[in-house]
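For reference, the structure discussed in these notes is given below.
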Amino acid sequence: MASTPGGRPTPQVDRTSRFGFGRNPAGAPASRPPRPRRRHRFGRGPRLGLAAGFVLALSLPLVAPAGAAPTAATPTPSPTVGTTPEADGTSSPVPSSSAGGVADQQVPVAGLTSGPATAGQSKLTLVLFDSDIVLVGGRGFGPGKDVAVTAATTDLGGSASARSGADGRFILGFQVPLGFSGRVTVTAKQESVEASGTLDVVDAGTPGLANGAANGAEVPAPAPTASPVPGPAATPAPTTAEPTTSEPTASGPTSSEPTGTARATTPPSTGRRGSPAPTAVPAPAPTAAPSAGSGTGTGTTTGGTGRLSGLPWMSGVYPSHVLSQVMSFGTWRGRANDVAHVFTVRTQGWNAMVEPRWPLDLYKAFPGKLIISQPTYPKGQGNNAACARGEYDSYWKTFGTFLKNNGRADSIVRIGWEFNGKFMYWHSDPAGTEFRDCFRKISTAIRSTDPAVKIDWTFNAHASPVPNGGTPWAAYPGDEYVDYVGIDSYDWYPPSRDEATWKKQCEDPNGLCYLLEFARQHGKKVGVGEWGVSSCSRNGGGDNPFYIQKMFDTFTKYADVMAYEAYFHDAAPGNVCSTIMNGGQNPKASALYKKLFGSL
């Protein structure tokens with residue numbers, strides 16, 4: 001998920017798919033360079049999914065009926081009420097939709113529209129199908145052009161792109177989670193044309209029970225919002241050290257930090273809090289790159305070659321929680337996906353999170369590995385302090401057993417991703433110790449029942465409002481608890497438009513290059529679970545092929561420690577607007593991505 005000062009684009013809590021509802025509360029506090037996004041991570045629980053073909057889902061999955069040509073579906077995290085980037089998930093600042101009350105009387109609804117249509121007026125019609133699928137029909141749009149469609153509830157969110165037909169109409173669908181009750185708000189936008197509608201759903205999963213009205217009306221396109229850009233905080237420059245190999249240890253950042261030459265400027269503090277007092281951060285020094293899999297600790301990985309893509313690392317995408325969308329992305333670029341990124345439901349308690357039939361059942365036919373982003377506890381049902389005491393160990397052992405029993409023992413699990421952004425409800429404490437100890441407990445518990453799992457510690461790039469010190473390293477759990485170290489790095493806060501800007505942000509302790517050097521010294525592999533251009537944020541780089549080139553060059557330079565990367569393909573207005581498949585919202589970036597990451 002990506003995050004911006006206002007929130008970020010990571011899949012959101014309860015995103016049923018990026019194709020389903022995502023999370024990202026309106027006004028969630030920002031941290032990653034707060035993405036207007038998880039995460040991020042609607043951003044990085046379940047999301048509404050959108051699916052091509054028939055139903056996509058709202059975390060909500062997408063459904064694309066005949067006649068519609070959904071080009072992409074991606075759930076975005078849904079924001080938490082009142083916080084800019086602190087939405088439950090990764091981050092792009094996406095306003096949370098208002099939830100409407102559900103009427104007491106349950107009446108089957110075949111579909112309602114507001115008022116008669118007038119010539120040239122865009123409208124949406126929402127229909128509830130089989131109690132859990134919200135079908136969306138649009139008309140009055142420009143013929144043969146992409147329409148960005150977003151769906152949201154209080155806690156879920158999703159987005160997708162559909163192409164209108166020659167008559168200016170389209171149809172697709174979002175699937176809500178079992179048992180869902182609440183208001184679904186859908187917005188469709190094509191250039192300056194926008195229409196929206198709402199539908200109240202009662203007890204999804206009980207066919208025929210719904211009550212609500214769908215309202216379609218032309219509304220002015222909202223101006224994009226962005227959270228304040230953090231101001232730089234002074235930090236001591238690291239000292240240069242002779243190249244030496246550092247021995248990985250299980251201790252926190254003090255003993256495991258690299259020494260080095262890279263300039264370690266701490267990221268700017270967010271406008272939500274005072275600049276943190278500078279603290280020592282690991283400064284990686286150039287050392288001989290360790291051979292693949294040369295690290296220590298329980299789960300060191302040997303090799304990261306993409307078995308399906310043929311790239312030197314595992315490569316994939318997160319377009320939604322719809323497998324057909326994942327496969328289409330691979331077909332488009334000319335290389336199959338080695339990995340697919342999914343986000344579990346975070347708002348329906350422990351069972352939904354540690355025995356995640358949804359979304360894993362949607363990927364039974366996927367031949368690659370799954371990247372599973374998991375918060376440290378369900379929303380509203382715990383805290384990191386209790387986790388650090390081991391009170392949730394039994395739940396995480398259940399999760400490990402679930403992965404093993406369902407053929408996904410080798411999954412990559414991102415525990416509490418983007419913890420350094422306050423837009424995530426599981427964010428780190430100021431000292432970083434509670435989150436660190438919680439991570440250790442979760443890692444140990446999952447490995448106890450699933451020894452083949454890969455544990456991933458991922459932070460949000462560009463800025464760290466927490467823990468104290470302006471960098472994520474105070475919360476590093478130690479080498480023995482981690483297989484992969486990861487980062488979510490979007491082209492914003494600041495965008496990379498030239499070599500100097502790229503170098504400065506990449507070598508910062510919150511940056512990708514810094515992390516890659518750290519991995520070399522500690523014998524770890526690196527995961528980039530969310531990355532992409534940003535065309536919606538006021539502080540994004542837009543359709544920026546330079547950023548695509550630099551990401552590819554960096555992955556290639558550090559191929560010896562690259563484990564995986566997954567492009568965040570999100571179409572939601574107000575999120576990152578990073579779509580590239582078939583040109584998407586960023587045709588220049590799309591062309592270069594396909595050239596670099598596609599088949600020769």
Probe 1.4 Å, all protein chains in place: accessible area of LEU596 in Å², nearest 10? 30
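From the protein chains alone at 1.4 Å, what is the descending order of accessible area for ILE171, ILE371, largest first?
So, going from the largest accessible area down, we get ILE171, ILE371.
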Over the Cα atoms of the range 493-600, what is the Rg over Rh ratio if Rh follows Kirkwood? 0.97
Label model pair ASP553, ARG357: point-to-point distance (7 angstrom along the Cα→beta-carbon line) in nm is 5.0
Mean shadow area (nm²) of the C-alpha convex hull around the range 389-535 is 9.3
When the chain is fully extended, how far beyond the present Cα-Cα distance does LYS588 get from ARG307, taking 0.36 nm per residue of separation? 98.4 nm
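Going from most exposed to least, what order do LYS397, LYS189 have by accessible area with a 1.4 Å probe?
Listed by decreasing accessible area, they come as LYS397, LYS189.
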So what's the range 312-595 giving for Rg/Rh, alpha carbon basis, Kirkwood Rh from the mean inverse pair distance? 0.94
Measuring from label point to label point, each 7 Å out along Cα→Cβ, what is the SER394 to ALA365 span in nm? 3.9
Between GLU191 and ALA409, what is 0.36 nm times their sequence separation minus the Cα-Cα distance? Round to one decimal in nm. 74.1 nm
In Å and whole numbers, how far do the C-alpha atoms of the range 121-199 stretch along each principal axis, longest first? 37, 22, 19
Please list, in chain and number order, the residues 5+ apart from GLN585 or on another chain whose amide H is under 5 Å from its amide H, with Hs placed from the backbone. THR579, ILE580
If R0 = 51 Å, then SER448 and SER599, at their Cβ-Cβ distance, give a FRET efficiency to the nearest 0.05 of 0.80
Links exceeding 25 Å between C-alpha atoms in this model, out of LYS145/LYS594; LYS364/LYS524; LYS550/LYS595; LYS422/LYS550; LYS524/LYS595, come to LYS364/LYS524; LYS422/LYS550; LYS524/LYS595
Express the Stokes-Einstein translational diffusion coefficient of the range 393-459 in µm² s⁻¹, to the nearest whole number, given a Kirkwood radius over alpha-carbon pairs, 25 °C and a viscosity of 0.890 mPa s. 200
Note down the accessible area of LYS503, probe 1.4 Å, to the nearest 10 Å². 100
Have a look at the range 430-477 and give its Rg and Dmax from the Cα atoms, expressed in angstrom. 12.3, 35
What nm value, rounded to one decimal, do you get for the distance between LYS503 and ALA386 when each label is placed 7 Å out toward the C-beta? 5.0
Heavy atoms only, probe 1.4 angstrom, no DNA, RNA or ligands counted: give me LEU199, LEU178, LEU592 ranked by accessible area, highest first. LEU178, LEU592, LEU199
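The values are calculated or read from the model by the stated rules, or taken from the named source; none is laboratory data. Not measured: the values here are computed from a predicted model. With ideal geometry, Cβ positions are generated from the backbone for all residues, glycine too; neighbour counts draw on all protein chains shown. These accessible areas exclude ligands, DNA and RNA; they are computed on the full protein's heavy atoms, side chains included. Shrake-Rupley method; radii C 1.70, N 1.55, O 1.52, S 1.80 Å.
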